[in-house]
2 protein chains.
Amino acid sequence: MNELKKPIILVCNDDGIEGEGLHALAASMKKIGQVTVVAPADPHSGMSHAMTLGVPLRIKSYQKNNRFFGYTVSGTPVDCIKVALSHILNEKPDLIVSGINYGSNTATNTLYSGTVAAAREGAIQGITSLAFSLTTYDNADFTYAAKFARKLAKKVLQLGLPPDTILSVNIPNLPEKEIAGVVVTQQGSSRWEEDAIERNDMYGNPYYWLNGTLKLLDGSLNHDEYAVRQNYVAVTPLCCDMTNHTFLDTLNRWNLQT
Amino acid sequence: MNELKKPIILVCNDDGIEGEGLHALAASMKKIGQVTVVAPADPHSGMSHAMTLGVPLRIKSYQKNNRFFGYTVSGTPVDCIKVALSHILNEKPDLIVSGINYGSNTATNTLYSGTVAAAREGAIQGITSLAFSLTTYDNADFTYAAKFARKLAKKVLQLGLPPDTILSVNIPNLPEKEIAGVVVTQQGSSRWEEDAIERNDMYGNPYYWLNGTLKLLDGSLNHDEYAVRQNYVAVTPLCCDMTNHTFLDTLNRWNLQT
C-alpha cells in the first residue's frame with residue numbers, strides 16, 4: 001500500500017444494498033479510505049459460501065438520496081466479491097470489509113453466514129478481509145460497531161493477516177460505555193436446537209419453515225458466542241482450511257486400501 | 001447401532017434428485033442398510049452451506065420407473081438434511097452419505113460445495129457423515145465410486161468419526177483397475193483462476209457469468225487435488241471449526257482493547 005495514498009476499501013454485506021449496517025460501515029470506512037460498495041441487490045442471509053453458477057449476473061449502480069452510493073450484483077455475497085474484483089474495481093483493493101450484519105455470526109453460524117463468506121472469498125483471492133456482525137436483528141444501533149470496525153481496519157492495514165485468514169468480529173448491540181472489552185476468541189461449539197415448523201397452506205398442503213434457537217455450548221471468554229453474551233466484542237481469526245489435522249494420523253492407520 | 005438391525009442411511013446430494021451419482025450411491029447403500037433418499041428438487045451445485053430462511057420448503061415424494069425412490073425438498077442440500085431429520089425420518093440415521101457429486105470437491109472447492117455441506121450439516125447434528133465426489137462432469141462412470149463408498153461406509157459405521165468431523169472423498173473417474181490407490185489427504189490450496197465472462201444480451205446490456213479453471217497449487221499426495229490428478233482416491237477429514245488456531249497468540253498481542 002502506498003503510504004501517500006488512501007487505502008482502497010471494498011465494502012460488501014449479505015443483507016443487501018439497503019442494509020443499514022452496510023451504510024454505517026461504508027460511512028465509517030470513508031473516513032480512512034477510498035470506498036467502493038458492492039452488495040447483493042436483495043438480502044442473502046444464510047447463503048454461506050454459495051456462488052451463482054447456472055445463471056448470469058447483473059451489475060447495477062445504486063443511488064441513495066439521489067447520489068451514487070455503490071453497485072448491486074444480482075447474486076450472493078461471494079458473487080459480489082468475485083464480480084467486484086473482476087469487473088468493477090480498477091485495481092486490487094487493500095482491504096475488504098463485510099457487514100455490518102444484522103445478527104451475530106458466532107459458533108455454528110460461522111458456517112451459514114454470507115457475511116463471513118464474502119470476507120473469506122476476499123482472503124482466497126489474496127486480499128486482507130474482515131467481517132463484522134452485530135448481535136441483534138431488532139433495534140440495531142451500529143454506532144459503536146462502525147467505530148470499532150474502523151479502528152480494527154486501520155490496525156489490520158498496518159499489521160496484515162496470515163494467508164487465507166480473516167477476522168470475524170461480533171459486536172454486542174450496546175453503547176460503547178456498556179461494552180465489557182475486546183477478546184480474541186475461537187469459533188464456539190454453540191449450535192441450533194432446531195426444527196422446521198410445519199403448517200398447512202390454504203389448499204391444505206403442508207409446508208416447512210426452518211426455525212430454531214442457538215443453544216450456548218461454550219463456557220469461557222475464549223469462545224465467540226459466550227463472549228458476546230457477556231457484552232464483549234469477540235474477534236475470531238478464521239481460516240479457509242477445514243482439514244481436521246488431528247485426525248489424519250488415526251485415519252492413516254485405518255488402512256483404506258483394503 | 002443395533003447389530004441385528006441394518007443401519008439407517010440417509011442419502012443426499014447437491015445435484016438434485018435426478019442426479020445419476022445419487023442413484024448410484026443409493027443403490028450401493030441399499031446393499032448394507034435401510035436407505036432413505038432426500039435430495040434437492042433442483043440442482044444446487046456451488047450452494048455451499050446455504051440454508052433457506054425467507055421462504056417455506058415443500059417436501060414431495062419422487063418416483064423412478066413408477067416406483068417410490070425418495071423425497072425432494074424445494075431447497076438446498078443443507079435444507080434437505082434439516083428437513084429429513086426433523087420431518088421425514090422416524091429415527092436418527094446411523095449414517096448420512098452425500099453425493100456422488102459430478103465434479104471434484106477438493107481444495108478451495110471444499111468451501112463452495114453443497115455436497116460437502118450436506119455431510120457437514122449431518123456432523124453438526126451429531127450424525128456420522130460422508131461426502132463423495134467424482135472428478136468429472138462428463139462421461140461419468142460411478143461404478144467404482146459407488147463400490148468404494150459402500151466399503152468406506154461399512155468401515156465408518158464400525159469405527160466412527162470424531163465429533164464435528166466428516167470424510168470428504170474424491171474419486172477419479174476411472175475403472176477400478178486404473179485407480180492408483182487410496183490416500184489420506186488434507187484440503188489443498190489449489191484455487192480458481194477466475195474471471196466473470198462479460199457478454200451483452202439482445203438489448204445491448206452486459207451480463208456476467210462466473211467462469212474459471214482450478215489451478216494446481218499443491219505438489220504432494222498429501223493434498224487432495226494433487227492426489228486425484230495422480231489417479232488416487234483422496235480421503236480428507238474435514239471439521240466444522242474454521243478457527244486459525246495458530247494465529248490466536250499473535251492476535252492476542254495486538255492489544256485490541258486500545
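Here, each number is a calculation from the coordinates, and none is a lab measurement. Quantities reported herein were computed from a predicted structural model and do not represent experimental measurements. So basically every Cβ, Gly included, is an ideal-geometry build from the backbone, and we count neighbours across all protein chains shown.
Observations
- For the range A:118-169, the fraction of alpha-carbon pairs in successive 5 Å shells from zero, as %: 4, 21, 25, 22, 15, 9, 4, 0
- Spatially, the range B:6-78 and the range A:1-68 are offset by 35 Å when compared through their Cα centroids.
- Long pairs among B:6/B:60; B:5/B:31; A:5/A:31; B:6/B:147; A:6/B:215, criterion Cα-Cα beyond 21 Å: B:6/B:60; A:6/B:215
- Relative contact order of the range A:127-212, defined on C-alpha pairs under 8 angstrom at six or more residues apart (%): 29
- Measuring nothing but how far apart in sequence close Cα pairs (under 8 Å, 6+ apart) lie, relative to its length, chain B scores a relative contact order of 17 percent.
- Most positive-pole-ward Cα, A:132, A:223, A:244, against dipole of chain A from beta carbon charges: A:132
- Among B:30, B:82, B:177, the largest mean-square fluctuation in a Gaussian network model of chain B, built with springs joining Cα atoms closer than 10 Å, belongs to B:177.
- Note on the protein assembly as shown: Cα Rg divided by 2.2 N^0.38 Å, N the number of residues, gives 0.95.
- For B:165, A:250, A:236, order by how many other beta-carbon atoms lie within 10 Å, fewest first: A:250, B:165, A:236
- Residue mean of other protein chain beta carbons inside 10 Å, B:167-179: 1
- The three principal axes of the C-alpha atoms in the range A:1-128 carry coordinate ranges of 40, 32, 27 Å, sorted with the longest axis first.
- Cβ-based net charge around residue A:127, under 10 Å, with every Lys or Arg adding one and every Asp or Glu removing one: -1
- For the range B:185-256, the list of trypsin sites (Lys or Arg not before Pro) that fall in a loop by DSSP and count at most 14 other C-beta atoms within 10 angstrom reads B:253.
- Our compactness index for the range A:104-258, the C-alpha radius of gyration over the empirical 2.2 N^0.38 Å, is 1.27.
- Qualifying GluC sites (Glu not before Pro) in the range B:89-190, DSSP loop, other Cβ atoms within 10 Å at most 16: B:91
- Taking other C-beta atoms within 10 Å as the exposure proxy, A:51, B:47 rank A:51, B:47 from fewest upward.
- Evaluating kT/(6 pi eta Rh) at 25 °C and 0.890 mPa s, with the Kirkwood radius of the range B:84-134 over Cα pairs in the Stokes-Einstein relation, gives 215 µm² s⁻¹.
- Normalised by residue number, the volume inside the convex hull of the Cα atoms of the range A:54-184 is 146 Å³ per residue.
- If you wrap the Cα atoms of the range B:182-258 in a convex hull and average its projected area over all directions, you get 10.1 nm².
- Estimated D of the range B:37-91 in µm² per second, where Rh is the Kirkwood radius over Cα pairs and Stokes-Einstein applies at 10 °C, 1.306 mPa s: 137
- Residue exposure sequence - A:87, B:49 - by fewest surrounding Cβ within 10 Å: A:87, B:49
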